[in-house]
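Here's the structure, in structure tokens; my notes come after.
Bear in mind these aren't lab numbers, they're just calculated from the coordinates by the rules spelled out. Bear in mind that the values here come from a model prediction, so they are computed numbers and not experimental data. We place every Cβ from the backbone using ideal geometry, glycine too, and count neighbours over all the protein chains shown.
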Amino acid sequence: MDPLHDWRLTAEPHYRPQGNEVALYEAAYAARLPVMLKGPTGCGKSRFVEFMAWRLGRPLVTVACNEDMTAADLVGRFLLEPTGTRWQDGPLTLAARHGGICYLDEVVEARQDTTVVIHALTDHRRCLPLDKKGELVRAHPDFQLVISYNPGYQSLMKDLKPSTRQRFTAFDFDYPPPALEAQVLVAESGLDAALAARLVEIAQAARRLKGHGLAEGISTRLLVNAGQLIAHGVAPREAARMAMVCPITDDADIRESLDHAIDAVLG
Ligand SMILES: Nc1ncnc2c1ncn2[C@@H]1O[C@H](COP(=O)(O)OP(=O)(O)OP(=O)(O)O)[C@@H](O)[C@H]1O
Ligand SMILES: [Mg+2]
């Protein structure tokens, strides 16, 4: 049985490139260099990795990192069974052993003593020591590590150590430029082009409020959500409020100015 079966992509993910990131990623993969994706929430980082994994024909093993995650959650552990103990590879080990792309999402959430397990995998050694098991896994030639994080809202306590950072090549992601973002919206929700352009205009207005009371602007993801509500019969203004404004803030003043923007653009 294929140990990475569950992580193989069966259909091509829809992804519209913003620039030459596809070619750059291919070069990084060809050199088997680890990749770091930085950018705000909902701007297309995960979609890009899914697309690249599909394009390169590699399974994608995704791990959502959090602060409770331990090294064992990544590399694996012994399980107690009636007949004795059995070692179970964690997602990182599975990808390294069998040649997948391992994607650690929101990696800064993980504690630093957890993230150091990737060090030997991400330099010339390309190996993963399983201390508890007494095994040194040599990474499969197809293995690659990808991490992502949002530089906006991490605290000073939560940062990657320079020794971790300096193992990666990096991409700066951001929301697509307006015309492209409207195309994404049309393709992802079936909205008509004129309405898509107007929703993007509202998102642009909200993004200008970032740092003035808004921690994050309205993401591409939220635009797609609004488009999907509209496709299901919700009136555009209501969809914009429900998908794009309510989720991002509880601040009455900011809500009011965003509501004004909605009325002005869609009214
Ligand atoms: N370039 C793009 N092509 C196609 N769809 C896109 C693109 N950019 C964003 N999207 C849409 O935006 C949604 C959110 O993107 P994605 O899940 O990749 O965000 P993310 O950057 O990984 O966010 P997070 O940091 O919260 O995980 C996708 O589901 C997709 O609908
Ligand atoms: Mg993501």
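See the values below:
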{"quantity": "Cβ-derived FRET efficiency at R0 51 Å, HIS140 paired with ALA194, nearest 0.05", "calculated": "0.55"}
{"quantity": "Förster radius 22 Å - calculated FRET efficiency between GLU201 and GLU238 (Cβ-Cβ, nearest 0.05)", "calculated": "0.80"}
{"quantity": "MRE, 222 nm, helices only [DSSP H, n ≥ 4, -39500 (n - 2.57), over the chain, to nearest 500]", "calculated": "-11000 deg cm²/dmol"}
{"quantity": "All-pairs Cα distance distribution in the stretch 5-172, expressed in whole percent, bin size 5 Å", "calculated": "2, 8, 18, 22, 21, 15, 9, 4, 2, 1, 0"}
{"quantity": "Karplus-derived HN-Hα couplings along the stretch 100-115 (A = 6.51, B = -1.76, C = 1.60, θ = phi - 60°), whole Hz, x at Gly and Pro", "calculated": "x, 9, 9, 10, 9, 7, 6, 5, 5, 5, 6, 5, 5, 6, 7, 5"}
{"quantity": "Length added when fully stretched, HIS119-THR41, from 0.36 nm per residue minus Cα-Cα", "calculated": "25.5 nm"}
{"quantity": "Top positive-direction residue, dipole computed over the chain with Cβ charges, set ILE147, PRO3, ILE248", "calculated": "PRO3"}
{"quantity": "The stretch 46-120: translational diffusion in µm²/s, Stokes-Einstein, Kirkwood Rh over Cα pairs, 20 °C, 1.002 mPa s", "calculated": "160"}
{"quantity": "Per-residue Cβ neighbour rank within 10 angstrom, fewest leading, THR122, THR41", "calculated": "THR41, THR122"}
{"quantity": "HN-Hα J in Hz across the stretch 159-173 - Karplus 6.51, -1.76, 1.60, θ = phi - 60°, x for Gly and Pro", "calculated": "9, 7, 5, x, 5, 7, 3, 7, 9, 10, 8, 9, 10, 8, 9"}
{"quantity": "Of PRO162, PRO151, PRO34, the one that fluctuates the most in a GNM where the chain has Cα springs shorter than 10 Å", "calculated": "PRO162"}
{"quantity": "Rounded to 10°, Cα long-axis angle of helix 220-231 versus longest principal axis of the chain", "calculated": "60"}
{"quantity": "Principal-axis tilt of helix 178-189 within the chain, Cα atoms, nearest 10 degrees", "calculated": "80"}
{"quantity": "Fewest-first sequence of TRP54, TRP7 by Cβ atoms within 10 Å of each Cβ", "calculated": "TRP54, TRP7"}
{"quantity": "Among ALA179, GLY217, ALA206 - extreme Cα towards positive end, dipole of the stretch 178-266, charges at beta-carbon", "calculated": "ALA179"}
{"quantity": "Reach of LYS158 by Cα under 26 Å, taken over lysines that are not fewer than 8 positions away in the same chain", "calculated": "LYS38, LYS45, LYS210"}
{"quantity": "Spread of Cα-to-Cα distances over 10 Å intervals beginning at zero, given as percent, for the stretch 1-60", "calculated": "20, 52, 25, 3"}
{"quantity": "Amide H contacts under 5 Å for GLY76, placed H, 5+ residues apart", "calculated": "GLY90"}
{"quantity": "Estimated inter-spin distance, ALA11 and ARG86, nm [label 7 Å along Cα→Cβ]", "calculated": "3.4"}
{"quantity": "FRET efficiency estimate (nearest 0.05) - Cβ-Cβ, GLU26 to ALA72, R0 25 angstrom", "calculated": "0.15"}
{"quantity": "Rounded tilt (10° steps) of 193-207 against the dominant C-alpha axis of the chain", "calculated": "80"}
{"quantity": "Relative contact order computed over the stretch 5-172 (Cα-Cα under 8 Å; 6+ residues apart), in percent", "calculated": "30"}
{"quantity": "Packing-based exposure ordering (other Cβ within 10 Å, fewest first) of ILE218, ILE254, ILE262, ILE248", "calculated": "ILE254, ILE248, ILE262, ILE218"}
